[in-house]
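Colleague: There's a structure below that I have some questions on.
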Amino acid sequence: DAKTTQPPSMDCAEGRAANLPCNHSTISGNEYVYWYRQIHSQGPQYIIHGLKNNETNEMASLIITEDRKSSTLILPHATLRDTAVYYCIVRVGRGSQGNLIFGKGTKLSVKP
Amino acid sequence: GAVVSQHPSWVICKSGTSVKIECRSLDFQATTMFWYRQFPKQSLMLMATSNEGSKATYEQGVEKDKFLINHASLTLSTLTVTSAHPEDSSFYICSASVPTGVGEQYFGPGTRLTVT
């Protein structure tokens, strides 16, 4: 599975958009981009995933570059409860098979 | 939908005893579940992949005789830490994939194990 690179930490003002970047320059054509987050002392939470097209759900938007070598997770109106470690993971979408490999992620701090 | 529960949420046990942690998929059937371990200020590390009706697949360096995994049904996987030692103290998290999905996993809330 392709390796990802994320900044170790970011700050964001409450109410503003949080844009979290992820580089995955070695991504293969059949690999998806998944985003998860982990709030302190809780299990990770699935946020969104995408293959080629940009995706949006009730939590966030995922923007994938045309060459698929990088992506950005956007939280449109960050709140204090969005403070967490955000993980970008690239992996083949194998249905119920295949584990996730977690890197160090980006620690997002939303400040009032 | 896609809710995964774990029990207990925290447990304290004495060195040398065994502890069982349950992981349940509440609203879907999971043929595959995963067990992770997380030490303080570190990322999640996969311990094993649990397959319903068959033996678990352990990651390199994880002792299968110490961390017993049973996936007896499509909604339940258990992790038993046998002869626990203080160095086994950690945050244990399970996850499961929705069979109709494209690989996204849903995680339990985790179990904090402290071995004294």
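Colleague: Let a ≥ b ≥ c be the square roots of the eigenvalues of the Cα gyration tensor of the protein assembly as shown; is it rounded (a/c under 1.5), or, if not, prolate (a/b larger than b/c) or oblate?
Modeller: Prolate, because a/c is 1.5 or more and a/b exceeds b/c.
Colleague: Separate question: Build a GNM of chain A with springs between Cα atoms under 10 Å: which of A:LEU100, A:LEU62, A:LEU51 gets the top mean-square fluctuation?
Modeller: A:LEU100
Colleague: Express in nm, to one decimal, how much length is gained between A:SER109 and A:THR72 on full extension, taking 0.36 nm for each residue of separation and deducting their alpha carbon distance.
Modeller: 11.6 nm
Colleague: Hey, what did chain B get for relative contact order, percent, Cα under 8 Å, at least 6 apart?
Modeller: The value is 36 percent.
Colleague: Next up: What is segment A:1-52's relative contact order, in percent, from Cα pairs under 8 angstrom and six or more apart in sequence?
Modeller: Relative contact order for segment A:1-52 comes out at 31 percent.
Colleague: Taking only C-alpha pairs under 8 Å that are 6+ residues apart, what is the relative contact order of segment A:1-89 in percent? All intermediate terms of the calculation are to be shown ahead of the outcome.
Modeller: Values: 176 pairs, mean separation 32.0, N = 89.
Contact order relative to length: 36 percent.
Colleague: Starting from the Cα of A:LYS3, step 7 Å along the direction of its Cβ; do the same at B:LYS66; then give the gap between the two resulting points in nm.
Modeller: 2.7 nm
Colleague: Please identify the GluC sites (Glu not before Pro) of segment A:30-74 that satisfy two criteria: DSSP loop assignment and at most 16 other Cβ atoms within 10 Å. Which are they?
Modeller: Those satisfying the criteria are A:GLU58, A:GLU66.
Colleague: Describe numerically, in nm with one decimal, the distance between label points set 7 Å from Cα along Cα→Cβ at A:THR26 and at B:GLU87.
Modeller: It works out to 3.0 nm between the two label points.
Colleague: Give me the distance in nm between label points sitting 7 Å out from Cα along the Cα-to-Cβ direction at B:THR17 and A:ALA13, one decimal.
Modeller: Between B:THR17 and A:ALA13, the simple spin-label model gives 5.3 nm.
Just so you know, all these numbers are worked out from the coordinates, no wet-lab data involved. Keep in mind that this is a model prediction, so the values were computed, not measured. Every residue, glycine among them, receives a Cβ derived from its backbone with ideal geometry; neighbour counts consider all protein chains shown.
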